[in-house]
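Novice: Before we start, here is the structure in question, set down as structure tokens.
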Amino acid sequence: MRTGLLAELVAEFIGTMIILLFGAGVVAMVVLFGTGTPNEVVNGGYTNITLAWGLAVTMGVYVSGKISGGHLNPAVTLALAVFRGFSWAKVIPYSIAQSLGAMAGAAIVFFNYRLAFLQFDPNLEKTAGIFTTFPAFPQALSAGFFDQVLGTALLLFLIFAVTDERNQPISGNLTPIVVGLIVVAIGMSFGKLHGYAINPARDIGPRLFTVMAGFRNNGLTDNTGVWWIPIVAPMAGGLVGAGCYDLLIRRWLPRD
């Protein structure tokens, strides 16, 4: 049965919302109920964060994959349009649905933990990082830019590898698990320099929510100018990773 664009957009919205529910939820748990600060998380700490984000992606892809393909990431959608014939007419609608889903997920997490936010950060001055990403070295934004290009390039290179019917494709019902493990590996290896957004929707949707909710350190209206890096760098990195896979691996694979 063919699905229409509306069904696909709803699936992308819900799948990305699920990613933020678990992803922002675990960071809220670690930060708000630990004894550290957003930059020095405890109570399970960074390992909990990377595992939960990977599981979040897995669950989001399981929910949406059959209807929309489970992109849940504008960098994935763009790379599929450039290299795999995905409809260009759907790129912007998909990206908007993904961003709105991420925003909704962040809003639900905030509502759920609002009492903890009021106790831990009553003026909303230091906890926007629960929802969105920030550079470890604000004075050297180029480092964060390269980090996001690298992380997203790895993501798309590996997604293309494990879903390539000419390579060694994973059985369809296991693909979301492997994609989640890829996200875990990227987070554990490259997560601290700029929060491993590797997904523009996962960052800009929640960042817009933090602005609307009154978070002061939101990276968009606080004159830090960091908001564009998790948007531009992942889009570029996704194209780099997908292009490298096709150039360096797929071209040598048998066609039958």
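The values are calculated or read from the model by the stated rules, or taken from the named source; none is laboratory data. Values in this document were obtained by computation on a predicted structure and should not be read as measured data. So basically every Cβ, Gly included, is an ideal-geometry build from the backbone, and we count neighbours across all protein chains shown.
Novice: Test of understanding: among PHE157, PHE134, which residue is aromatic (Phe, Trp, Tyr), modelled with pLDDT of 95 or more and over 21 Å from MET29 (Cβ atoms)?
Specialist: PHE157 is the lone residue from the list that is aromatic (Phe, Trp, Tyr), modelled with pLDDT of 95 or more and over 21 Å from MET29 (Cβ atoms).
Novice: Based on what the data block shows, is VAL178 buried (at least 21 other Cβ atoms within 10 Å of the Cβ) and not charged (D, E, K, R)?
Specialist: No.
Novice: Out of region 200-256, which residues are basic (Lys, Arg) and either part of a helix (DSSP H, G or I) or buried (at least 20 other Cβ atoms within 10 Å of the Cβ) (or both)?
Specialist: Of everything in region 200-256, those that are basic (Lys, Arg) and either part of a helix (DSSP H, G or I) or buried (at least 20 other Cβ atoms within 10 Å of the Cβ) (or both) turn out to be ARG202, ARG207, ARG250, ARG251.
Novice: For residues that are closer than 17 Å to ILE186 by Cβ and without any contact (Cβ under 8 Å) to a residue 40 or more places away in the chain, tally how many sit in region 133-145.
Specialist: Matching residues across region 133-145 total 0.
Novice: Of the residues VAL226, VAL179, VAL184, only one is within 20 Å of ALA28 (Cβ to Cβ), of a type in the set (Val, Ile, Thr) and in contact (Cβ under 8 Å) with a residue 40 or more places away in the chain; which?
Specialist: None of the others qualify; the one that does is VAL184.
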